[in-house]
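Notes for the one structure printed next.
Throughout, read-outs are computed from the coordinates displayed, never taken from laboratory work. As the structure is a prediction and not an experimental result, all values here were calculated from the model. As a convention, Cβ positions derive from the backbone with ideal geometry for all residues, glycine included, and neighbour counts pool all protein chains shown.
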Amino acid sequence: MKVIDIQHASGRYPVYVAPGLIDMHSVWTRHLSGRVLIVTDDTVGGLYLDRLLGACEAVCPTAVLRLPPGEEAKTAANWLKIIDALIAHKAQRDATIIALGGGVIGDLAGFAAASYMRGIQVIQFPTTLLAQVDASVGGKTGFNHAAGKNLIGAFHQPAAVVADLDTLSTLDERDYLAGMAEVVKYGAIGDPGLFGWMEVEAEALKCRLPEALLEAVSRSVRNKAEVVRADERESGQRALLNFGHTFGHALETATAYARYRHGEAVAIGMVLATRLSELIGLTEPGPARRLLKLLERLGLPTELPKEIDRDRLVDLMRLDKKNRADQLRLILLESIGKACIRACAADDVREVLHS
Ligand code: NAD
Ligand code: GLY
């Protein structure tokens, strides 16, 4: 088992990474307090809830709330359902929410924990690769509004994160690979050793070999731990985690969130951002080709479809939160393993989109 210590402004918490953690009760039940509410979705609940529930009930009075799966469930109405369930369970300030599921459940249950009685503790049990390497760590919580994704939210760090690698075996292939794009991202922006290791182990990663998964998840979490320690509230360095995301979000919006998984759009976005880095001379030619080859070997998409309207993408990119004074600000690469934030001319962005 690997244990990564996450330090933040008001404390620290462990991220446990190993296969079989759900059944290693002594590792995580010690973090429980008060009354416990397990929040999960119907898919994950059907697979893993029973094993968790027995262990919780042996220690604390425990209730369960199951929500529908998918991004559509990340709403104010479901946030309120969690609050209602806490009230019905007579949860007090010492209560614990367990978020068992992917990033949707983690964000929603995390925000319920941030807001109920001005803050109770949450323990994250991430069951997707994306949630294990990214969403469960770092304290961003919230839900969507019709006007925008994650528009309502708060920073609320978990009391512990329990990443059971065995849960990844039931994950759909596309969801699994989409999470792998975020692992590539950590390598590209700050960990050239991780990137090089992925180039060697691409097949093992694609086949979900246990040793490869342990290394990929624990090393990603270590990378995220560094960023959260240095910039918990995203006033600087944390923005680098958005590498590939400005292009990716525009692509997701342009395709009505129906065509791509988030990680797939980010994969295409990372290639575009690296091509842009080469175009403006921030880096020598080479990294874009290397990145593209790794993503292809992992089975991820790397090219914009022909029919996508490039000008609409630029317009959508103008809405990005990182922009200032009408300038596009993007995360670019100086080399594989070194990212920076740069103001970019819309014409250069357009040229890359058309290339
Ligand atoms: P998700 O939570 O919707 O899970 C994807 C699908 O996989 C769902 O249908 C779910 O039921 C199913 N699933 C989950 N675990 C499974 C398992 N072990 N076996 C079988 N099926 C399983 O999506 P996601 O990709 O995990 O997360 C996306 C969300 O995360 C987005 O809402 C995004 O905004 C958020 N996010 C948050 C942060 C953060 O820092 N808080 C970072 C990145 C993404
Ligand atoms: N997923 C981006 C962040 O946590 O900041």
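For H8 and A77 in one chain, what is 0.36 nm times their gap in residues minus the Cα-Cα distance, to one decimal in nm? Gain on extension, H8 to A77, equals 21.8 nm. Dividing the summed -39500 (n - 2.57) terms of all DSSP H runs of n ≥ 4 by the residue count of the chain sets its mean residue ellipticity at 222 nm at -14000 deg cm²/dmol. For the chain, the share of alpha carbon pairs falling in successive 10 Å distance bins from zero is 5, 26, 34, 23, 9, 2, 0 percent.
Ordering of 284-293, 143-152 by packing is 284-293, 143-152, highest average first (other Cβ atoms within 10 Å, averaged per residue). Positive-end ranking of N223, Q7, P19 along the dipole of the chain, with charges on Cβ about the Cα centre, is headed by Q7. The length gained by stretching the chain between D231 and D50 to full extension, at 0.36 nm per residue less their Cα-Cα distance, is 61.4 nm.
Under a model in which nothing but the beta-carbon of Lys, Arg (+1) and Asp, Glu (-1) is charged, the chain shows a dipole of about 820 debye around its Cα centre. Selection among A131, G196, Y176 by position relative to the dipole of the range 90-210 gives A131 as farthest towards the positive end (Cβ unit charges, Cα centre).
Of the peptides 204-210, 218-224, 294-300, the ranking by mean beta-carbon count within 10 Å, highest at the top, reads 218-224, 294-300, 204-210. Centre-to-centre separation between the Cα atoms of the range 77-108 and those of the range 118-190: 16 Å.
The percentage of C-alpha pairs in the range 156-279 whose separation is greater than 16 Å is 66%. Placing pseudo-labels 7 Å out from each Cα toward the beta carbon at A58 and A256 gives an inter-label distance of 5.0 nm.
Cross-link partners among lysines for K81, C-alpha distance below 24 Å, same-chain residues fewer than 8 apart left out? In chain and number order, the partners are K90, K140, K149.
If you line up the long axis of helix 76-88 against the longest principal axis of the chain, both from Cα atoms, how many degrees apart are they, to the nearest 10? The helix 76-88 is inclined about 20 degrees to the chain.
A simple spin-label model places the labels of E201 and H145 4.1 nm from each other, with each point 7 Å out along Cα-to-Cβ. Figure legend: label point modelled 7 angstrom from the Cα of R118 along Cα→Cβ; residues of the range 76-109 with amide N under 17 Å from it are 92-95. At full extension, D166 and A88 could sit 24.8 nm farther apart than now, given 0.36 nm per residue minus the alpha carbon distance.
Each principal axis of the Cα cloud of the range 179-222 was evaluated for its coordinate range; sorted largest first, these ranges are 24, 18, 16 Å. Around the amide H of A63, modelled in the peptide plane, lie the amide H atoms of V36, L37, I38, all under 5 Å away and 5 or more residues distant in sequence or on another chain. Distance from the Cα centroid of the range 233-301 to that of the range 12-57 is 34 Å (rounded to whole angstrom).
Label positions at A345 and E307, each projected 7 Å from the Cα along the C-beta direction, are separated by 3.3 nm.
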